[in-house]
Amino acid sequence: MREMLSTSKETNFISIVIYIRNGQNEIKDFIDKISEIFEMHFEKYEVIFVNDASSDNSVSIIRENSKKFVNGMIQLVNMSFYQGIESSMKAGVDLSIGDFVFEIDNIRLLYENMIFWDVYKRCLEGYDIVNAVPVGNSNISSKLFYHLFNKYTKGRYHLRTEAFRVLSRRAINRIDSISATIPYRKAIYAISGLNMTFIEFE
C-alpha cells in the first residue's frame, strides 16, 4: 500500500454517498478504510449511507462504527422497500450539500485508500466528474451493456465499469435538470457535456 503522506486538510466540504444492500460482512472494513483517508485529508465532510431495505445487520454495524468519522456528519437513509442502486443513490445525492460528492455504489470492491484522494485531486484540475476504474474487473453482462451503449451513443466519453466517482456541485446541478428523462446516472454523465475523466487502478 502506498505511504499516505501528511498534508494540509482540504477546506472544501465533501459529501460521501454510499449504497448499502445487505453488506454486513464488508461494512466494518469499508468504514475503517474510508474514515482513515477522509479524516486525514478533509476538515469537514458528511457521510450519507443509503440503506436499500437490507435484511441483514447492515444498519446496526453502520451505527456501531460511525463514530470513526470524527469530523464527519453522518446520515442514514433507510429506503422503505427495495429501490435498486439508481433510485437509492439519487435519494442520497439529493440530500447531499457538499462542494464535491463521492458516489460509492459498491463497498465490496478492493482498492487502496489513496485512490479516493487521487480522484478528488483530479477534480481540482478542472474536471466535473472523475471516475475510479478497476483494471480488468468487469463481468460479461456489464461489458456487453457498455459495448452497446458506447457503440450507439455519440458522446465523447465511453462508459466503463467503475468503483466510484466524484462529482462537482456544478455537475450535480446540471444532471438534475436532465435526469427526469434518463434514469441511468452513468448515461447522463457520459452525455452531459461536462468535463469527465477516468483514473485506473489495479
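The values are calculated or read from the model by the stated rules, or taken from the named source; none is laboratory data. Keep in mind the model is a prediction, meaning the values are calculated, not measured. As a convention, Cβ positions derive from the backbone with ideal geometry for all residues, glycine included, and neighbour counts pool all protein chains shown. For the accessible areas, the whole protein counts, side chains as well, though only heavy atoms, and no ligand, DNA or RNA atoms are used. Shrake-Rupley method; radii C 1.70, N 1.55, O 1.52, S 1.80 Å.
The table below lists the values:
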| read-out | value |
| --- | --- |
| Rounded accessible area per residue of segment 8-109, 1.4 Å, Å² | 44 |
| Surface share of carbon and sulfur [accessible, 1.4 angstrom probe, percent] for segment 24-143 | 50 |
| For residue 47, residues with placed amide H under 5 Å, excluding near neighbours | 16, 73, 74, 75 |
| Relative contact order, percent, segment 1-122 [alpha-carbon distance under 8 Å, six or more residues apart] | 38 |
| Interchain or long-range residues, amide H under 5 Å from residue 199's placed H | 131, 132, 133 |
| Other-chain or far-sequence residues with amide H under 5 Å of residue 69's (modelled H) | none |
| Pairwise FRET efficiency - residue 22 versus residue 124, Cβ, R0 = 41 Å, nearest 0.05 | 0.70 |
| Candidate residues 45, 127, 82: accessible-area rank, largest first, probe 1.4 Å | 82, 127, 45 |
| Inter-probe distance in nm under a simple model that places probes 7 Å from Cα toward Cβ, at residue 44 and residue 56 | 3.5 |
| Cross-link reach list, aspartates and glutamates versus residue 33, counting only Cα pairs under 16 Å and skipping chain neighbours closer than eight places | 3, 46, 64, 103, 105, 112, 118 |
